[in-house]
Amino acid sequence: MISDQELINEKVAGFFLGAMRMGYDYDDAWSLLLSSKQGQGILNNEYAYSVHFQGTDSARKANMELGTNYNTGTGIEPDIRQLELLADLIDIAHNRFGIEYKDIFKKTSLNDFMDTCGYVLGNYDDKLIKGYLI
């Protein structure tokens, strides 16, 4: 049986995937997740967003509501496995290290973080959080 947190992480990864397929970069996808009712619904484990809707559908709906506030067309090709590992890192930063979602990528942009550390996600998450996010 899938845990609530695994379900949230799956939806966060799906949200990133959907946003990036629409041309968002990591920073804007993260901002859209934090700013939209759909993204907040996923993060707060609200049934409609964490169970009923796919993460990609939530990103599409968030884009319809807030998309005019963002630039698209970045051309980043999303890698689902890397996005799943990113969702896990966000979960660890929030739940294990107690960093509020809105503060996770305040010290470094998500774009810069992924350029620097994206290839080692899943292997050194505690060290990455301590070195780059705290």
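Table for the structure above
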read-out	value
The chain: relative contact order as a whole-number percent, Cα under 8 Å and 6+ apart	29
Of all accessible heavy-atom area on the chain, the percent that carbon and sulfur account for (1.4 Å)	46
Probe 1.4 Å, protein heavy atoms only - accessible area per residue of the chain in square angstrom	52
Tail beyond 19 Å, pair distance distribution of the range 1-116 (Cα, percent)	38
Listed residues Met20, Met64 arranged by accessible area, highest first, probe 1.4 Å	Met64, Met20
Mean-position separation - Cα centroids, the range 67-131 and the range 1-62, in angstrom	14
Axial C-alpha extent at least 20 Å, average Kyte-Doolittle at least 0.0 - helices from the chain (DSSP)	4-21
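The values are calculated or read from the model by the stated rules, or taken from the named source; none is laboratory data. Nothing here was measured: the structure is a model prediction, and the numbers come from that model. The area values use the complete protein model at the heavy-atom level, side chains included, leaving out ligands, DNA and RNA. Shrake-Rupley method; radii C 1.70, N 1.55, O 1.52, S 1.80 Å.
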